[in-house]
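One structure below.
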Amino acid sequence: MPKSVIKTTKKKAGSGQEKILFRAPRGMHDILPEDQPWWNKARKTIDEVADFYNFSRIDTPILEEAAIFEKGLGTTTDIVSKQMYVLRTKGGDRLVLRPEGTTGVIRAYFEHGLSRLSQPLRLYYVGSFFRYERPQAGRYRELHQVGFEMIGGEDDPIYDAQMILVSFRLAEELKIKNLIVQLNSIGCRNCRPVYRRRLQEYYRKMSSGVCKDCRARLNLNPLRLLDCKEENCEKVKSGAPTIINHLCQSCRSHFKAVLEYLDELGLPYTLNAYLVRGLDYYNRTVFEISSENNASFAFGGGGRYDYLGEIIGKRKTPLPAVGSALGMERLIEEMRSRGVNGTLRSRGRVFLVQIGSPAKIKALGLIEKFREANIKALESLGRASFKSQLRIADKEGVDLSLILGQREVFEDSIIIRDMKSGNQETVPIGKMVEEVKRRLK
Ligand SMILES: [Zn+2]
Ligand SMILES: [Zn+2]
């Protein structure tokens, strides 16, 4: 094997320095056991919030036909033109590792005739998405998202407000504070073309001051000019015409109503006249949720997408829909940096120490007694030494250890040790669970 592919770990692993032959693909990451408490907490909170607001879970395949994203997101978006993992199957199908969730959900909505259910249909999903982009802090090629969708029914602005509400509440439930919603309306097919022309006129005059990408966007996808983060482009943007001033009457009153509902709900928001979001399928309301301290680092966002159903379905009329998606990596990073504890303290935990082979055999059955009582019993049955088992119990941070030695097996008893005080007490095996429960309270 070539020597160049053998690298050593930068971080010192617990078991010493092992040579590494393979690494996770660039921009993709492992979620290690030590990270899982935060992921579990996030997933559990997602389920609870979704359940409260009456969203049902949907899971769609990780692979979808490439054409569906090209149609749905638009070929001029960065996602479709640069970031998709496209593959050809042996059968010749052109598939894509899904870059986002909404398109697959809408595909499933049509495929299974979900319009027969009560509308708007409220769905949510949690899963992996893939975008081939330059990995950088907080940006991954395999990313996890939670998404909410409300599909069908009317295009009532109250649904836009409810969509913002559920996303906001989720972040709040994860103990992320100082949240702020940035909001804009990007109009409809009647008023947006007028604005798009105004924007093009403005940028044509300024084209020498913008980056190469923006000069290409000018003709292909002028709204995306407002997304550019280049310093010079930001300067040019600050003088650009705003879409708010070009909305038609019905888009204007729709947006006004969204704001009224948000006021009623008491959600903090700011208007951002240049917020457009990256995808073609949005219309009217678009929003992002971030922390007040770092408004450019959004946890997620979304918007209304009434035209997507028409684009990928066979409909002749728009299918009212609004959705949002939040990045799990970003949420979890924020939780951790704010010192949010990942552990779910729903179950008591004990550690079972066994000394000698009769005790080891008996321990197996005792663990089952704890499972029945919904108490988590940890053990290290492969170890013989009393000291080393107690050390693990200490490391696990359990409140109680149960010690079973030869004498206890013989007497049909067990020792309960309080790990904080070090106090020990012998109790009969028959009363073990009851005594543990009393002490765990
Ligand atoms: Zn309009
Ligand atoms: Zn630019």
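The table that follows gives values for the structure above.
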| item | result |
| --- | --- |
| Flag if LEU308 is aliphatic (A, V, I, L, M), over 30 Å from LEU174 (Cα atoms) and within 25 Å of the chain's Cα centre (by Cα) | yes |
| Residue pairs meeting the criteria (Cβ under 6 Å; at least 6 apart or on separate chains; first of a type outside the set (Phe, Trp, Tyr), in the stretch 278-298; second within 16 Å of ligand 1 (Cβ to nearest atom) and part of a strand (DSSP E or B)) | ASN283/ARG304; ARG284/SER185; ARG284/ARG304; THR285/SER185; THR285/GLY303; THR285/ARG304; VAL286/ASN184; VAL286/GLY303 |
| Residues satisfying the stated conditions in the stretch 214-236, i.e. of a type outside the set (A, V, I, L, M, F, W, C) and within 21 Å of GLY74 (Cβ to Cβ) | ARG215, ARG217, ASN219, ASN221, PRO222, ARG224, ASP227, LYS229 |
| Any hit, the stretch 280-296, residues being hydroxyl-bearing (Ser, Thr, Tyr), in a strand (DSSP E or B) and open to solvent by 50 Å² or more (accessible area, probe 1.4 Å) | yes |
| Flag if GLY187 is under 22 Å from GLY74 (Cα atoms) and of a type in the set (Gly, Ala, Ser) | yes |
| Hits in the stretch 263-288 - residues which are within 16 Å of ligand 1 (Cβ to nearest atom) and hydroxyl-bearing (Ser, Thr, Tyr) | TYR281, TYR282, THR285 |
| Unique residue being within 16 Å of ligand 2 (Cβ to nearest atom), of a type in the set (D, E, K, R) and farther than 20 Å from TYR282 by Cα when the list is GLU264, GLU230, GLU260 | GLU230 |
| Search result, residues across the stretch 311-339 that are part of a strand (DSSP E or B) and either among the polar types (S, T, N, Q) or open to solvent by 30 Å² or more (accessible area, probe 1.4 Å) (or both) | SER324 |
| Pairs, first closer than 12 Å to ALA240 by Cβ and within 12 Å of ligand 2 (Cβ to nearest atom) in the stretch 198-223, second among the β-branched types (Val, Ile, Thr) and not in a helix (DSSP H, G or I), C-beta under 6 Å, six or more apart | none |
| Residues satisfying the stated conditions in the stretch 184-213, i.e. among the charged types (D, E, K, R) and within 16 Å of ligand 1 (Cβ to nearest atom) | ARG189, ARG192, ARG196, ARG197, ARG198 |
| Matching residues in the stretch 370-408 - criterion: being hydroxyl-bearing (Ser, Thr, Tyr) and at pLDDT 90 or above | SER385, SER388, SER401 |
| The listed residue being among the hydroxyl-bearing types (Ser, Thr, Tyr) and within 16 Å of ligand 1 (Cβ to nearest atom), out of SER296, SER253, SER291, SER238 | SER253 |
| Matching residues in the stretch 19-39 - criterion: being open to solvent by 70 Å² or more (accessible area, probe 1.4 Å) and either polar (S, T, N, Q) or more than 23 Å from ARG139 (Cα to Cα) (or both) | LYS19, LEU21 |
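Yes/no matrix, rows are residues, columns are (1) open to solvent by 30 Å² or more (accessible area, probe 1.4 Å); (2) under 14 Å from the mean Cα position of the chain (by Cα); (3) without any contact (Cβ under 8 Å) to a residue 12 or more places away in the chain:
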| position | (1), (2), (3) |
| --- | --- |
| ILE106 | no, no, no |
| GLU111 | yes, no, yes |
| PRO135 | yes, no, no |
| TYR140 | yes, yes, no |
| MET150 | no, no, no |
| ALA171 | no, yes, no |
| ASN178 | yes, no, no |
| ASN184 | no, no, no |
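The values are calculated or read from the model by the stated rules, or taken from the named source; none is laboratory data. In this text the structure is predicted, and so the values were computed from the model without any measurement. Cβ sites come from the backbone with ideal geometry, for glycine too, and all protein chains shown count toward neighbours. Please note that ligands, DNA and RNA were not included when accessible areas were found on the heavy atoms of the full protein model with its side chains. Shrake-Rupley method; radii C 1.70, N 1.55, O 1.52, S 1.80 Å.
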